[in-house]
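Participant: The structure under discussion is supplied below as structure tokens; questions concerning it will follow.
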Amino acid sequence: MKSVLERDETLMEFKDYTESYFEDVFDVVHKTIEKVYPRYYPRSAVDFFHNHHSKENMKNQLSNEFTLLLFKNDKLIGTGTLFKNEIKRFFILPQYQGKGYGKTLLEELEKNVEKDKYDKFILDSSLGAVEFYRKNGYVYKNYKTINLSDGNCLCYLEMEKNINGDYRINYDNKIFMSTGKRVNKIQVKSSNLQNSRME
């Protein structure tokens, strides 16, 4: 458990998940889905997310994953899960979004990855969360869809973030690498110097 005193003297705490928190975690997940997801998805997709995070699925998964909980003044306001190098089931209650709590929880969760085994984080982002992850260093990898029984599609993005903070793009055998966690300047390291001129 780690406690952080905020500027307004409210107490923010991180706690590891235990079974005693299951109902509270389930509540945070489903309240967030119901309040936020209809802005981005048809009803059938919202229902898909509810079913995906059913009690049965969550109970089966939580016992095999590392899940971190964020409390503000003893109230659970957010949860995030790390499985190997994948960020999963990351939810902040709607009334606490846009205030830095998600960033704080994500950074704390990322500290728990086994850096000697993995060189990047991966995640699947709902449409509403893409900008949040982008602001926190994640980049687009793939656009995915799931066809729903009513003819609608559920769209989401696969995203990733290099654990060491560097971003590499391989384009036509030329490696473009950022310097540092924020991309301000791009260095060019070309493995094919004869063709390094852009045409």
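Participant: For THR79, work out the one condition from (1) exposed (fewer than 15 other Cβ atoms within 10 Å of the Cβ); (2) touching a helix residue (DSSP H, G or I) at 6+ places or on another chain (Cβ under 8 Å); (3) among the β-branched types (Val, Ile, Thr) it doesn't fulfil.
Facilitator: In the conditions (1) exposed (fewer than 15 other Cβ atoms within 10 Å of the Cβ); (2) touching a helix residue (DSSP H, G or I) at 6+ places or on another chain (Cβ under 8 Å); (3) among the β-branched types (Val, Ile, Thr), THR79 misses (1) alone.
Participant: What is the residue count in segment 84-114 for residues that are loosely packed, with under 13 Cβ neighbours inside 10 Å and of a type in the set (Asp, Glu)?
Facilitator: Qualifying residue count, segment 84-114: 2.
Read-outs throughout are calculated quantities, based only on the coordinates presented, and are distinct from any laboratory measurement. Computed from a prediction, not measured in an experiment: that's the story for all the values here. In this analysis, Cβ positions are derived from the backbone assuming ideal geometry, glycine residues included, and neighbour counts consider all displayed protein chains.
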